[in-house]
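Notes for the one structure printed next.
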Amino acid sequence: MDADVVIVGGGLAGLVAAAELTAAGRRVVLVEQENAANLGGQAFWSFGGLFLVDTPEQRRWGIRDSAELAWQDWRGSAQWDRLDDEDRWAAAWGEAFVAFAAGEERSWLRRQGVRFTPLVGWAERGDGRAGGHGNSVPRFHLPWGTGTGVSGPFAAAARAAAAAGLLDLRFRHRVDGLVLDAGAVVGVRGAVLAPDDAPRGVASNRDVVGDFELRAQAVVLASGGIGADHDLVRAMWPARLGRPPRRMLTGVPAHVDGRGIGIAEASGARVVNKDRMWHYTEGVANWDPVWAGHGIRILPGPSSMWFDALGRRLPVPGLPGHDTLGTLRLLRTDPDIAAFDHSWFVASQKVVEKEFALSGSEQNPDLTNHDWPLLLRSRLGRGPTPAVAAFERHGRDFVVADRLGDLVAGMNRIAPEAPLELATIERQVRERDAELANPFTTDAQLQSIHNARRARSDRFTRVATPHRILDPAAGPLVAVKLHVLTRKTLGGIQTDLDGRALGADGAPLPGLYAAGEAAGFGGGGAHGYNALEGTFLGGCLFTGRVVGRALVAAL
């Protein structure tokens, strides 16, 4: 035996599992195909938001939340419909995760060194139904350090365990298969890749300079999802979401290729809910990219007008920040716009300043670097955040103009394949603006804006005072060309509540465990059909912890 446990993947789920195991004195080898700079995986690049329930941060904002309400929201969003088969364990994991988020997650994270800002966002506001998809209240808790503030403590724990001789970090080791003996998984085998000092996130070489085999009492697959492989995304694209885009932006580094899921399936593990995935519709091309096709998501407040490629305002649930996959479905199932891969935000500069945030640790230096003065200037002062301002200046998807005619002309310059008519856009903007003459309205989006401003957290930090888009005092006008941005795999290796990978017969495959995105964030699909945001990092934390503790007890 080379170790008690081999963990495949140096992302958040793998690091959490390693932390649990090494804290209990177990010997672990962690293999990672990228170099040491990539320790922490996708979590490092994320905004870092976490779904937490009934917290001190919520109560300070006057937000009343409960485990019961959160579970109602989760069930309404998941819409599990395969409970006798593929969703059996997924639903159990979903319920367990909500209990964790409403229970000890916050205190446990604080013990690990994670600290939270006072900010609580209202992400994924939903489809407008009380029992349907969406968060009934703000639950998106932002840590200091963004994604680095979540992954950093666990990366530090890994380095400390390595210094103590309990953790062997094997970078540039690519797993190509599992080692089986009498039907049990007893190790991994693969290729040693040539050294590569590429910066974090930058694609590295795949030159093979050797091979390896490692044996242990158990193997944990924490190798991530398929988001960087567009061909695989398209192959698994479900019919219910219409036609997959011909061109997409990529929200994850190139090494997020889904190989671990395929390797597990080839060795007898059951992979379920392959048709469930999570991609954003508010992607913009990064003007300063780290990886090929690097896209950044706009995290919008509720006030931007959203138009399809033909300039038609999207109906409910296609409202900014409300229903990610509902909006994707609107954009991909309409035959009139099937030939186009983009949509549009149109907003005033006043909306951009208050409501536009960008995903990613590198786009939020105030939060990432614990910089209170910059936070106060950029979030509460005049003007957009520095990162948003840079996109307005340099981003190829942004158009800024003082007059609507000039704005539409600029939109047509960057999307000539679908020319817009000024009269069509102007009519819809003026119709929307006319609804602001009264504090009541029949416009569903304006109703949502008024509702959002009743939440003190939103009113203070995220929702602009209602105003006419064409009000010169709120200008200039801003249009943003939006693209589909690949991100998360919602299905994956089916696991029981200890994280043991299951075979085709539903029994555990001896020696194999799975955590994080490779396991569909638990059970092969803990989110069901929809996610509530803040639940991806949370799902990695939870599954990594469960698997680590289960192995401590079992070995």
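If you check V388, V408, V399, which single one turns out to be surrounded by 17 or more Cβ atoms within 10 Å (Cβ to Cβ) and not in a helix (DSSP H, G or I)? Spell out the reasoning first.
On the way: V388 fails: not in a helix (DSSP H, G or I); V408 fails: not in a helix (DSSP H, G or I).
Selected residue: V399, the only one of V388, V408, V399 that is surrounded by 17 or more Cβ atoms within 10 Å (Cβ to Cβ) and not in a helix (DSSP H, G or I).
Sort out which residues of segment 411-423 are under 34 Å from the mean Cα position of the chain (by Cα) and closer than 19 Å to R312 by Cβ, and write them in order of number. Talk me through it step by step, then tell me what you get.
Taking segment 411-423 first, the residues under 34 Å from the mean Cα position of the chain (by Cα) are 411-420.
Answer for segment 411-423, where residues must be under 34 Å from the mean Cα position of the chain (by Cα) and closer than 19 Å to R312 by Cβ: M411, N412, I414, A415, P416, E417, A418, P419, L420.
Quick test for you: out of P472, P466, pick the one residue that is open to solvent by less than 80 Å² (accessible area, probe 1.4 Å), at pLDDT 95 or above and not polar (S, T, N, Q).
Going through P472, P466 in turn, just one is open to solvent by less than 80 Å² (accessible area, probe 1.4 Å), at pLDDT 95 or above and not polar (S, T, N, Q): P466.
Residue check: is A156 touching a helix residue (DSSP H, G or I) at 6+ places or on another chain (Cβ under 8 Å), more than 30 Å from G268 (Cα to Cα) and surrounded by fewer than 20 Cβ atoms within 10 Å (Cβ to Cβ)? Outline the logic, then answer.
Numbers: touching a helix residue (DSSP H, G or I) at 6+ places or on another chain (Cβ under 8 Å): no; more than 30 Å from G268 (Cα to Cα): yes; surrounded by fewer than 20 Cβ atoms within 10 Å (Cβ to Cβ): yes.
For A156, the condition - touching a helix residue (DSSP H, G or I) at 6+ places or on another chain (Cβ under 8 Å), more than 30 Å from G268 (Cα to Cα) and surrounded by fewer than 20 Cβ atoms within 10 Å (Cβ to Cβ) - is not met.
Condition check ((1) modelled with pLDDT of 95 or more; (2) within 30 Å of G293 (Cβ to Cβ); (3) open to solvent by 10 Å² or more (accessible area, probe 1.4 Å)) across all residues:
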| residue | (1), (2), (3) |
| --- | --- |
| G187 | yes, no, no |
| R200 | yes, yes, yes |
| D207 | yes, yes, yes |
| G210 | yes, no, yes |
| L214 | yes, no, no |
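Is at least one residue of segment 2-24 on the phi > 0 side of the Ramachandran plot, in a loop (DSSP other than H, G, I, E, B) and open to solvent by 20 Å² or more (accessible area, probe 1.4 Å)?
No; the residues of segment 2-24 include none that is on the phi > 0 side of the Ramachandran plot, in a loop (DSSP other than H, G, I, E, B) and open to solvent by 20 Å² or more (accessible area, probe 1.4 Å).
Mind checking whether some residue in segment 142-155 is assigned to a helix (DSSP H, G or I), aliphatic (A, V, I, L, M) and either modelled with pLDDT under 95 or within 19 Å of the chain's Cα centre (by Cα) (or both)?
Looking for residues that are assigned to a helix (DSSP H, G or I), aliphatic (A, V, I, L, M) and either modelled with pLDDT under 95 or within 19 Å of the chain's Cα centre (by Cα) (or both), one finds at least one in segment 142-155, hence yes.
Which residues, counting only those in segment 470-491, are in contact with a helix residue (DSSP H, G or I) (Cβ under 9 Å, 6 or more places away or on another chain), over 30 Å from D81 (Cβ atoms) and not in a strand (DSSP E or B)?
L470, D471, A473, A474, G475, P476
Residue check, A550 against (1) under 21 Å from Q79 (Cβ atoms); (2) open to solvent by less than 30 Å² (accessible area, probe 1.4 Å); (3) out of contact with any helix residue (DSSP H, G or I) (no Cβ under 7 Å at 6 or more places or on another chain), all met but one. Which one?
With respect to (1) under 21 Å from Q79 (Cβ atoms); (2) open to solvent by less than 30 Å² (accessible area, probe 1.4 Å); (3) out of contact with any helix residue (DSSP H, G or I) (no Cβ under 7 Å at 6 or more places or on another chain), A550 is out only on (1).
Is it the case that G227 is farther than 22 Å from G183 by Cα and open to solvent by 10 Å² or more (accessible area, probe 1.4 Å)? Show your work before the answer.
Details: farther than 22 Å from G183 by Cα: yes; open to solvent by 10 Å² or more (accessible area, probe 1.4 Å): no.
Criteria not met by G227.
Select from segment 415-447 the residues that are among the polar types (S, T, N, Q) and assigned to a helix (DSSP H, G or I) and write down the one among them that is surrounded by the fewest Cβ atoms within 10 Å (Cβ to Cβ). Can you show your working first?
If we filter segment 415-447 for residues that are among the polar types (S, T, N, Q), which is where we start, we get 424, 428, 438, 441-442, 445, 447.
Within this subset, residues satisfying the condition of being assigned to a helix (DSSP H, G or I) are 424, 428, 445, 447.
Working: T424: 15, Q428: 17, Q445: 23, Q447: 17.
Result: T424.
Please go through segment 108-126 and pick out each residue that is open to solvent by 30 Å² or more (accessible area, probe 1.4 Å) and modelled with pLDDT under 95.
Within segment 108-126, P118, L119 meet the criteria.
I need every pair where a residue in segment 185-211 that is free of Cβ contacts under 8 Å to residues at least 60 places away in the same chain has its Cβ under 6 Å from the Cβ of a residue that is of a type in the set (S, T, N, Q) and open to solvent by less than 50 Å² (accessible area, probe 1.4 Å), sequence separation at least 6 or different chains.
A194/N205
Has segment 34-47 got at least one residue that is part of a loop (DSSP other than H, G, I, E, B), within 25 Å of E124 (Cα to Cα) and in contact (Cβ under 8 Å) with a residue 12 or more places away in the chain?
The answer is yes, given that some residue of segment 34-47 is part of a loop (DSSP other than H, G, I, E, B), within 25 Å of E124 (Cα to Cα) and in contact (Cβ under 8 Å) with a residue 12 or more places away in the chain.
Within segment 414-423, identify whether any single residue is touching a residue at least 24 places away in the same chain (Cβ under 8 Å), hydrophobic (A, V, I, L, M, F, W, C) and under 30 Å from L532 (Cα atoms), and answer yes or no.
No, segment 414-423 contains no residue that is touching a residue at least 24 places away in the same chain (Cβ under 8 Å), hydrophobic (A, V, I, L, M, F, W, C) and under 30 Å from L532 (Cα atoms).
Failed condition for F521, given (1) surrounded by fewer than 20 Cβ atoms within 10 Å (Cβ to Cβ); (2) at pLDDT 95 or above; (3) aromatic (F, W, Y), with all others met?
Single failed check for F521: (1).
Could you check, for segment 487-495, whether at least one of its residues is polar (S, T, N, Q), touching a residue at least 24 places away in the same chain (Cβ under 8 Å) and touching an Asp or Glu at 6+ places or on another chain (Cβ under 6 Å)?
Yes, because at least one residue in segment 487-495 is polar (S, T, N, Q), touching a residue at least 24 places away in the same chain (Cβ under 8 Å) and touching an Asp or Glu at 6+ places or on another chain (Cβ under 6 Å).
Is there a residue in segment 501-515 that is over 26 Å from the mean Cα position of the chain (by Cα), surrounded by fewer than 17 Cβ atoms within 10 Å (Cβ to Cβ) and aliphatic (A, V, I, L, M)?
Looking for residues that are over 26 Å from the mean Cα position of the chain (by Cα), surrounded by fewer than 17 Cβ atoms within 10 Å (Cβ to Cβ) and aliphatic (A, V, I, L, M), one finds at least one in segment 501-515, hence yes.
Looking only at segment 44-78, how many residues end up being under 17 Å from A531 (Cα atoms) and crowded, with 19+ Cβ neighbours inside 10 Å?
Adding up the residues that qualify gives 14.
The values are calculated or read from the model by the stated rules, or taken from the named source; none is laboratory data. Please read these numbers as outputs of a predicted model, since none were measured by experiment. Cβ coordinates were reconstructed from backbone atoms using ideal geometry, including for glycine residues, and neighbour counts include every protein chain displayed. All accessible areas refer to the heavy atoms of the entire protein, side chains included, with ligands and DNA or RNA removed. Shrake-Rupley method; radii C 1.70, N 1.55, O 1.52, S 1.80 Å.
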